[in-house]
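Everything on this sheet refers to the single structure shown next.
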Amino acid sequence: MKNFLNKSTSIFLVALATLTTTWAQTHGKQGMVVSDNTMASQVGVDILKKGGNAIDAAVATAFALAVTHPQAGNIGGGGFIVFMDATSKTTTIDFREKAPLRATPNMFLDQEGQLVEGSNHNGLQSVGVPGTVAGLYMAHSKYGSLPWKKLVQPAIALAKKGVVLSYTLASHAKNMQSGSSPDFMKNYFTDSEGKLLGHGDQWVQKELANTLKKIKKHGKDGFYKGKVAQEIADYMKKNGGLIGLDDLEKYTAIEREPVKGTYHGYDIYSMPPPSSGGVALIEMMNVMERANLDSVPFNSTEYVHLVAETMRRAFADRAEHLGDPDFNSDLPLDKLTSKDFAKMRYDHIDFDKASVSDSTTFGQLYDGSNTTHLSVIDKDHNAVSLTYTLEHSYGSEMGSPKLGFIFNNEMGDFNPQPGYTNSSGLIGSDPNLIRPEKRMLSSMTPTIVAKDGKPYLVIGSPGGRTIINTVFQTVLNVLGYEMPIEKAIETMKIHHQWLPDQLVYEKYLLSPDTKQSLEKMGHKTREVRNLGRLMGIIYDTELNIYIGASDSSSPDGASIGY
Ligand code: DON
């Protein structure tokens, strides 16, 4: 990577020791935490300073986000960790939610076998068995160094003492008062007398603090067994949900081999199924490796066309082939991530004209809503890339008032109508149909790129299916176009997901001339305000410092280094 800082600037910045910023880059000599919330990033850095490693800091940050960033930070959802340690060992932890034992492939269909619009994302039947606590617990048991209690305690303190409500959360609180919000949400951002809180008010979460205390004391059993589990099961039973004590008791996180790819000498490690993110990322990087980027200037028509056509193909493959590996014994992972397959995909791109996505085959809906990513690196070069989610912003918007946390609505990530795929984006392929205890296919793409066996780039993003593409473009921007991390994160992103057949781009960032040329080639363009909310760290090998950057689209986010 090019050096874009002169030495004296960086020495000055490093001398600032702990520098917090939301939008620009931050420098750290010993460690770095980048997350969607300043308080949570600070919790992570404090853990590093106390001698914790990257896993410790990631676990503590994730618990803190469940308090300070409740639209996506969670203990009622699930996610993935990609971890690379100082000796180059790389692994992943899958704590994706599972379908309850009593779920069926047709549970969201009416009597005619048609999807009941919205049913897979609304109400308690949309809740998957949460995985977050089991995942964080497994990560810590296998790879952490500080006592578990020390990692949960900062989140308890934040929930008990209260956090100042940011402008963003206060506006969510106001919006939640609309008639359609469940009562749980209407009462969520309130004080002890039930009065709605506003920007700058102190927001205390007593019930969440109590739930976290049980997790602190009993580890994962504090969530999956005992009083918390009993209340989850009772609440579900009373209100029409499917999750029972048996589901909670049976839930386990799973350690899996990462998917691995290469790009011009860099090693890319990412999340395997049940996420589709890693496989699609590696397929796309392999396709791009075939191109001579000198003749594909960044943001030119050629660039957008090639990147969009690469995405179109990877998303078709994703829709056709991917699902929970524990329910699909024959996922063609080696094939999809091979260089030969990428050559075949590249060779079929027409450089003058957009392909047409065939609506009789595969595709999937674009979705925005909410998830959160955090990246951590410590003084020994252990790195963690963690993405977790409730699926929609505030998930199902439901939870037990006694427990104080929000349930996901992740069941919406399954293919809801078996056998039915259409051009507006519904997919009916078999690998991702609902089955009891199956994990729904995800697009989360926590990724670590290594150079000479050491973590070089730690990156991830929220954004539903756009995650795969925004992570892909950021990795390409750094490795292929040699951009500094914050530029790689901020610069124009596009999104194509096969079906609907649209080239989505960020408003203001694509030149009108380029847009016009793309339309002449047959692309159907659509503008959106923003794509991605990337949280990244890069290791500058020459200066021997970590550089962190949190996307400007994250209003409360921060990279903090020390
Ligand atoms: O796992 C997935 O792919 C989705 N449930 C993630 C949802 C999401 O990222 C929404 N975000 N902004």
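Numbers below:
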item: Cβ pairs under 6 Å, 6+ apart, first in segment 179-193 and touching a residue at least 60 places away in the same chain (Cβ under 8 Å), second surrounded by 13 or more Cβ atoms within 10 Å (Cβ to Cβ); result: PRO182/GLU397; PRO182/MET398; PHE184/MET398; PHE184/GLY399; MET185/MET176; MET185/GLU397
item: Test: residue in segment 143-155 that is touching a strand residue (DSSP E or B) at 6+ places or on another chain (Cβ under 6 Å), assigned to a loop (DSSP other than H, G, I, E, B) and surrounded by 15 or more Cβ atoms within 10 Å (Cβ to Cβ); result: no
item: Selection within segment 386-416 - assigned to a loop (DSSP other than H, G, I, E, B), more than 16 Å from the ligand (Cβ to nearest atom) and crowded, with 20+ Cβ neighbours inside 10 Å; result: GLY399, SER400, LEU403, GLY404, PHE405
item: Check on GLY368, out of contact with any strand residue (DSSP E or B) (no Cβ under 6 Å at 6 or more places or on another chain), modelled with pLDDT under 95 and open to solvent by less than 10 Å² (accessible area, probe 1.4 Å); result: no
item: Test: residue in segment 458-472 that is more than 16 Å from the ligand (Cβ to nearest atom), within 30 Å of ASP294 (Cβ to Cβ) and either buried (at least 20 other Cβ atoms within 10 Å of the Cβ) or more than 18 Å from the chain's Cα centre (by Cα) (or both); result: yes
item: Qualifying residues in segment 82-114 (those that are in a loop (DSSP other than H, G, I, E, B), in contact with a helix residue (DSSP H, G or I) (Cβ under 6 Å, 6 or more places away or on another chain) and open to solvent by less than 10 Å² (accessible area, probe 1.4 Å)) - the one nearest to GLY52 (Cα to Cα); result: GLU97
item: Every pair of residues 6+ apart whose Cβ atoms lie under 6 Å, when the first sits in segment 371-382 and is away from the ligand (no atom under 16 Å from the Cβ) while the second is part of a loop (DSSP other than H, G, I, E, B) and open to solvent by 10 Å² or more (accessible area, probe 1.4 Å); result: ASP378/ASN53; LYS379/GLN30; ASP380/ALA86; HIS381/ALA86; ASN382/ASN53; ASN382/ASP85; ASN382/ALA86
item: GLY79 being over 26 Å from GLU410 (Cβ atoms) and buried (at least 24 other Cβ atoms within 10 Å of the Cβ); result: no
item: Subset of segment 265-281 that is outside any loop (DSSP other than H, G, I, E, B), hydroxyl-bearing (Ser, Thr, Tyr) and open to solvent by less than 10 Å² (accessible area, probe 1.4 Å) - its residue that is nearest to the ligand (Cβ to nearest atom); result: SER275
item: Failed criterion for ASP350 (all others in (1) within 16 Å of the ligand (Cβ to nearest atom); (2) surrounded by fewer than 24 Cβ atoms within 10 Å (Cβ to Cβ); (3) modelled with pLDDT of 95 or more hold); result: (1)
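The values are calculated or read from the model by the stated rules, or taken from the named source; none is laboratory data. Keep in mind the model is a prediction, meaning the values are calculated, not measured. As a convention, Cβ positions derive from the backbone with ideal geometry for all residues, glycine included, and neighbour counts pool all protein chains shown. To get the accessible areas, we keep the full protein, side chains included, count just its heavy atoms, and leave off ligands, DNA and RNA. Shrake-Rupley method; radii C 1.70, N 1.55, O 1.52, S 1.80 Å.
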